[in-house]
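Asks: Just dropping this structure here.
Every read-out reported here was derived from the displayed coordinates using simple, explicitly stated rules and does not represent laboratory data. Keep in mind that this is a model prediction, so the values were computed, not measured. Counting neighbours? That spans all protein chains shown, and the Cβs are built from the backbone with ideal geometry, glycine included.
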Amino acid sequence: MLTSEWKEVLFWKDWDDYARFVADWEAAHPDREPDPRRKARRDAENPSRAADPETAAQWEADFGAWQAARVPNKAALLARFADYAANGKPQPGIPLRQGKEALAQAMEFATTEAGQARALWLLKVARSWAFHLDDYAAAVNVARGQTILELSVGAGLGTRQVMETLRDGSTLISVDCDFVCVANALGLAGSYMLKGRAAGITANFWDLPFGDATFDTVCSHYGLDESRELPTTLREAARVLRPGGRFVAVARQDPWDRHGPRLEHFGVTRDECRELLRSVRLYSGPEDLIGTAAACGLFLTQRKTYEPAQGHHRVLLSFEKK
């Protein structure tokens, strides 16, 4: 489904309507990928689905009309955000994918062969823009024999890097709310011959199915700034970490890089952005993340900012549980 943490907040009360709209739209365009930003992922995951500007423009026009009927202006947007801020809460996840096609996709992605193809594609992606990954993996894999929990798999960019550098005796559990993304982790585990040492499960970050003090390290590669309910997620991360354990995260330096186009459409300024995101418990920047983490008993030990000439700036943060 074409979703994001933004839509999950904005349409949290009428999600069924949005899901029906997406299902009808995708049924009318069965062989097209409307989001050009996912073109590289589509090339690796499903070459039969073609991303093209014309289809993307059609999606934006159709979704824009659907959204405008429900959120016509800035006042309506702010009202919806205020409602979520007051009444929204962590809850069982909104289903991202449904139907036989998604199940077949997950079965395919979980195979070793698919994992090998994905690992090669992700390596090319990493070389093109993700030069922070070596530092990220080094911060995660600090010693042998560690139990590691990963929050968010997505296409598997961070997952691949952690698996490739996993120390002897260490184990990795990767969690994602999308079962197809979990299948990406399973395929990569097969590719790196990590059977018995790496696995993936479908779960929400704000209700982790693990006991207290289970893990030596919790990590997240662009999981925090693309998820809801950040304070609850950080509390859960702290809960499942043992005392002295590490929490390592990569996130955007400025959330405007992700939300700017949506907010500008409604006349929201960059200066208003952080406060609006903070009010609905979305990622609102590294300073807020550091403060929220400290309130959960996670204290900053390392911070490094990456400022590429092209693409968004990003930050690597490491915390220790006291």
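Asks: How big is the dipole moment of the chain about its Cα centre under a simple scheme where the beta carbon of each Lys and Arg is +1, that of each Asp and Glu is -1, and everything else is neutral? Debye, nearest 20, please. Each step should come with its number before you reach the end.
Replies: On the way: 41 positive and 44 negative charges, 165 e Å.
Dipole of the chain, to the nearest 20 debye: 800 debye.
Asks: Can you show me the helix-derived [θ] at 222 nm for the chain, built from DSSP H runs with n ≥ 4 at -39,500 (n - 2.57) apiece and divided by the number of residues, rounded to the nearest 500.
Replies: Numbers: 14 runs with 158 residues, N = 322.
So the calculated ellipticity at 222 nm is -15000 deg cm²/dmol.
Asks: Same structure again: Karplus couplings for the stretch 187-196 from phi (6.51 cos²θ - 1.76 cosθ + 1.60, θ = phi - 60°), rounded to Hz, Gly and Pro as x?
Replies: x, 5, 4, x, 4, 8, 6, 10, 4, x
Asks: Between THR214 and ASP24, what FRET efficiency comes out of the Förster formula 1/(1 + (r/R0)^6) with R0 = 51 Å and r the beta carbon distance, rounded to 0.05?
Replies: E(calc), rounded to 0.05, equals 0.75.
Asks: How high is the relative contact order of the stretch 99-321? Use alpha-carbon pairs under 8 Å, at least six apart in sequence, and give a whole percent. It would help to have the intermediate numbers written out before the result.
Replies: On the way: 434 pairs, mean separation 41.6, N = 223.
Over the stretch 99-321, the number comes to 19 percent.
Asks: Another question, then. In whole Hz and in residue order, list the ³J(HN,Hα) couplings for the stretch 58-74 that follow from phi through the Karplus curve 6.51 cos²θ - 1.76 cosθ + 1.60, θ = phi - 60°; x for Gly and Pro.
Replies: 5, 4, 4, 5, 5, 5, x, 5, 4, 5, 4, 5, 10, 10, x, 7, 4
Asks: If you compute Kirkwood radius over Cα pairs in Å for the structure shown, which of (i) 22.4; (ii) 20.4; (iii) 21.5 do you land on?
Replies: Checking each listed value against the structure points to (ii).
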